[in-house]
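What follows draws every value from the coordinates through simple rules; no lab data is involved. This is a predicted model, so every value here is computed, not measured. Ideal geometry is used to build each Cβ from the backbone, glycine not excepted, and the neighbour counts take in all protein chains shown.
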Amino acid sequence: MPKWLCNQLTQAFLKKDRRQIRLLNDCWFFYRTKSSLRDGEGHPVNYTNR
């Protein structure tokens, strides 16, 4: 996870800002999906089937 995202999440949790936490969570899943597609896996990461 990028350092900037960790810092933003930490601040959002400390402030208990649920809207910001949700937004950053969406950013993280978007980043992971794009990263896996770029790395040649050919499919997005599916976290719902754990």
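What does the net charge come to around Phe30 if you take all other residues with beta carbon closer than 14 Å to its beta carbon, with K and R at +1 and D and E at -1?
That sum, taken over residues with Cβ under 14 Å, equals +3.
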Margin query: Spelling out what I want: for every residue of region 16-25, take phi, set θ = phi - 60°, compute 6.51 cos²θ - 1.76 cosθ + 1.60 (Karplus), and round to whole Hz; glycine and proline get x.
Written below: 6, 8, 4, 4, 5, 4, 4, 4, 5, 4
